[in-house]
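The values are calculated or read from the model by the stated rules, or taken from the named source; none is laboratory data. Quick caveat: nothing in here was measured; it's all calculated off a predicted structure. Using ideal geometry, Cβ is built from the backbone for each residue, glycine included, and neighbour counts are taken over all protein chains shown.
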Amino acid sequence: MPRILVTPRSLTASHHPAVERLREFGYDIVYCEAGKAPGEQELLRLVPEVVGWLAGVEPVSEAVIAAASRLRAISRNGVGVDNLPLSALSQRGVALRTAGGANAHGVAELTIGLMFSAMRHIPFADSGIKSGRWPRRIGRELRERTVGVVGYGAVGREVARLVVALGARVVAYDPTPQAANADAATLLADLATLIAESDIVTLHCPAAADGRPLLGAQQFAACRRGVIVVNTARASLVDERAMLEALNAGQVACYAVDVFNEEPPRDLTLAGDPCVIATAHIGGYTEESVNRATTAAVENLLEALSSASP
């Protein structure tokens with residue numbers, strides 16, 4: 001019986017009915033260790049004999065693809081593919097599908113929640129009260145602030161729509177030239193203009209192909225003092241050392257982040273900083289987003305397998 005590997009953490013912790021339906025199409029399902037992103041050694045053990053792969057955000061090496069000698073298709077339950085060796089997949093003729101936009105609402109809503117948490121110091125107040133204190137810091141309102149949206153795809157557009165509805169102004173930048181259209185409520189600008197004008201900078205774009213951060217010491221120096229940075233996209237978009245320096249200097253008031261280079265992070269230098277609000281890669285981890293993304297990913301995988309050469 002042909003085998004399909006399932007590795008997204010949201011689907012191994014609890015088996016989704018849409019994934020289990022693959023058995024009705026004649027496939028055996030192989031799950032990695034429940035609730036954890038698999039490492040290379042686990043993947044090398046699991047990929048032989050696999051024809052299809054429902055993949056998450058775990059890093060996949062060329063060695064893993066080489067070991068998957070029967071692999072014909074990979075389907076992501078999200079839109080990012082920077083964790084995959086694209087050239088190796090192309091050389092092998094492995095079909096690649098993504099579930100674009102399926103988790104946009106979930107990620108966008110978390111982004112708004114992180115903005116409010118940073119502006120109103122919600123984690124600070126919560127932890128203080130639970131430790132027997134009555135901490136109060138004056139906050140800021142989102143209304144009439146300028147929000148810089150970096151990456152104007154499905155998530156970025158939804159974030160823009162929500163913050164405009166809350167009375168904020170949006171300046172957007174997208175690194176890909178094809179994302180050139182915006183509605184009347186959004187001003188498209190270059191990254192330097194966005195950084196200079198924004199009270200909040202929120203990241204919703206893929207990692208750079210060369211791995212270089214989009215925000216580093218130069219960009220933080222050009223920001224408005226006290227800027228809030230939200231990252232629900234990719235950890236590599238931010239130079240962590242430069243971020244820590246900017247936080248310590250007060251140039252960045254808060255870094256609200258849902259993504260880390262290592263998950264969970266063992267080094268808590270950044271995540272444990274008092275000016276950082278950290279969440280555990282939960283942007284698309286809602287019942288609705290998981291259902292949409294999983295259904296789309298399964299349908300995409302079945303389509304790719306049916307059209308891929310055996």
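This table checks each residue for (1) touching a strand residue (DSSP E or B) at 6+ places or on another chain (Cβ under 7 Å); (2) more than 24 Å from ILE4 (Cβ to Cβ); (3) among the hydrophobic types (A, V, I, L, M, F, W, C).
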position: PHE220; (1), (2), (3): yes, yes, yes
position: ASN231; (1), (2), (3): yes, yes, no
position: CYS254; (1), (2), (3): yes, yes, yes
position: LEU270; (1), (2), (3): yes, yes, yes
position: ALA293; (1), (2), (3): no, no, yes
position: ALA297; (1), (2), (3): yes, no, yes
position: ASN300; (1), (2), (3): yes, no, no
position: ALA304; (1), (2), (3): yes, no, yes
Subset of the range 11-21, residues over 13 Å from THR295 (Cα atoms) and crowded, with 20+ Cβ neighbours inside 10 Å, comes to THR12
Counting only residues in the range 75-86 that are surrounded by 20 or more Cβ atoms within 10 Å (Cβ to Cβ) and in a loop (DSSP other than H, G, I, E, B), the one modelled with the highest pLDDT is identified as LEU84
Going through (1) on the phi > 0 side of the Ramachandran plot; (2) in contact with a Phe, Trp or Tyr (Cβ under 7 Å, 6 or more places away or on another chain); (3) small (Gly, Ala, Ser) one by one, GLY226 fails only at (2)
Only one of (1) surrounded by fewer than 20 Cβ atoms within 10 Å (Cβ to Cβ); (2) modelled with pLDDT of 95 or more; (3) over 17 Å from VAL155 (Cβ atoms); (4) not hydrophobic (A, V, I, L, M, F, W, C) does not apply to ARG72, and that is (1)
Checking LEU89, LEU110 in turn, the sole residue that is in a helix (DSSP H, G or I), surrounded by 19 or more Cβ atoms within 10 Å (Cβ to Cβ) and in the same structural domain as THR193 (by TED's automatic domain parsing) turns out to be LEU110
Every listed condition ((1) small (Gly, Ala, Ser); (2) in contact (Cβ under 8 Å) with a residue 60 or more places away in the chain; (3) part of a loop (DSSP other than H, G, I, E, B)) holds for GLY101 save (2)
